[in-house]
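K.L.:
Provided herewith is a single structure, encoded as structure tokens, for subsequent inquiry.
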Amino acid sequence: MTDLSVRVVTAGVGLVLFLAFAVWGFIPFLFFIWFLALISACEFWLALQRTGRPASLIFTFAGVLGPAAPFLLVPIARRVIAIIAIGFFLFGLLYELIHSWVYKELRTSERIAFGLLAGFYVSFFGGLTLLRAGVGSQVGVLQPTGAYPGLFNILTVCGCVWVGDAAAYFVGRMGRRILAAHVSPAKTLEGAVFAVSASLIVGILLGADFFSNGLLGAVLGAAGGLGGLIGDLLESAIKRSLGIKDFSGLLPGHGGLLDRFDSLLFAAPICSFILWLWRPL
């Protein structure tokens with residue numbers, strides 16, 4: 001199989017799994033995203049270790065709390081999550097202090113800093129669970145025509161981002177103007193413009209269909225396209241600074257989970273925030 005064929009097959013299998021859990025319901029999707037976040041935390045932590053950058057294991061895996069973001073909207077659950085998060089933070093600081101004392105090393109600041117970076121990055125998976133929880137879709141003009149507001153959120157945002165990614169990949173290869181040579185020499189200005197435009201069109205179409213609100217769809221499409229582009233460049237910058245091509249080789253043709261979800265991880269929280277502002281959950 002060619003590299004493109006492997007890439008397409010891997011993306012197809014992943015798409016089926018992702019949509020299957022999204023259609024199944026919020027709780028199955030929540031556990032699915034938690035699983036992805038856990039693997040992603042492992043990828044980031046191992047990548048840091050391979051490149052000689054020590055990272056706190058506790059702060060890195062604290063990012064797995066990210067998918068619990070929808071429960072922050074529930075008063076009782078909000079207190080529990082706050083206690084767990086504070087506990088992680090205090091225990092992480094104590095552990096790093098003990099680690100420094102036992103092993104007589106003075107890299108505590110690096111371990112904490114890189115651990116916080118990895119944990120914060122992985123926590124962006126919470127944007128996906130917020131979308132599936134139906135943020136912004138409970139009352140008023142955002143009430144969808146069907147019975148699955150959270151599913152419509154996911155389909156709209158993911159559709160915008162994935163179509164934009166595909167447009168950037170295929171059109172970008174024919175482009176001549178490099179977008180950010182020092183970060184990602186393969187990305188072109190033509191690909192970026194076409195990606196955002198494609199995301200905007202898809203957003204308008206899906207927004208008009210799912211929410212009967214083309215304006216909201218246009219906003220989500222633009223935010224998803226721009227957010228996906230920024231997320232892609234951000235991850236490229238991180239990998240370039242670490243001196244690696246991919247976070248792992250878990251997904252043939254794509255690299256690791258973080259390499260595949262780079263655009264969506266940045267776009268999903270932004271779109272969730274837009275939906276929340278438009279009509280609070």
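K.L.:
State which residue is most open to solvent (accessible area, probe 1.4 Å) when the search covers only region 90-131 and only residues that are farther than 21 Å from Phe44 by Cβ and hydroxyl-bearing (Ser, Thr, Tyr).
P.N.:
Only one residue tops the list, namely Tyr103.
K.L.:
Of these, Phe18, Phe31, which one is without any contact (Cβ under 8 Å) to a residue 60 or more places away in the chain and in a helix (DSSP H, G or I)?
P.N.:
None of the other options fit; the residue is Phe31.
K.L.:
Sticking with this one: Taking only region 231-277 into account, find how many residues are in a helix (DSSP H, G or I) and open to solvent by less than 50 Å² (accessible area, probe 1.4 Å).
P.N.:
The number of residues fulfilling the criteria is 23.
Yes/no per residue for (1) open to solvent by 40 Å² or more (accessible area, probe 1.4 Å); (2) without any contact (Cβ under 8 Å) to a residue 24 or more places away in the chain; (3) touching an Asp or Glu at 6+ places or on another chain (Cβ under 6 Å):
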residue	(1), (2), (3)
Leu36	no, no, no
Arg50	yes, no, no
Arg53	yes, no, no
Phe59	no, no, no
Gly63	no, no, no
Gly66	no, no, no
Phe71	yes, yes, no
Val74	yes, yes, no
Arg78	yes, yes, no
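K.L.:
Within region 167-189, count every residue that is without any contact (Cβ under 8 Å) to a residue 24 or more places away in the chain and either surrounded by fewer than 19 Cβ atoms within 10 Å (Cβ to Cβ) or closer than 25 Å to Leu128 by Cα (or both).
P.N.:
Result for region 167-189: 12.
K.L.:
What pairs come up if the first residue lies in region 199-227 and is surrounded by 21 or more Cβ atoms within 10 Å (Cβ to Cβ), the second is assigned to a helix (DSSP H, G or I) and aromatic (Phe, Trp, Tyr), and their beta carbons are under 7 Å apart, counting only those six or more places apart or on different chains?
P.N.:
Phe210/Phe152; Phe211/Phe152; Leu216/Trp278; Gly227/Phe266
K.L.:
While we're on this one: Among the residues that make up region 69-84, is at least one of them more than 30 Å from Pro149 (Cβ to Cβ), in a helix (DSSP H, G or I), in contact with a Gly (Cβ under 9 Å, 6 or more places away or on another chain) and not aliphatic (A, V, I, L, M)?
P.N.:
Looking through region 69-84, none of the residues is more than 30 Å from Pro149 (Cβ to Cβ), in a helix (DSSP H, G or I), in contact with a Gly (Cβ under 9 Å, 6 or more places away or on another chain) and not aliphatic (A, V, I, L, M).
K.L.:
While we're on this one: Does region 228-251 hold any residues that are more than 19 Å from the chain's Cα centre (by Cα) and touching a residue at least 60 places away in the same chain (Cβ under 8 Å), and which are they?
P.N.:
Leu242, Gly243, Ile244
The values are calculated or read from the model by the stated rules, or taken from the named source; none is laboratory data. This is a predicted model, so every value here is computed, not measured. Note: ideal-geometry Cβ built from the backbone for every residue, glycine included; neighbour counts use all protein chains shown. With ligands, DNA and RNA removed, areas are computed over all heavy atoms of the protein, side chains included. Shrake-Rupley method; radii C 1.70, N 1.55, O 1.52, S 1.80 Å.
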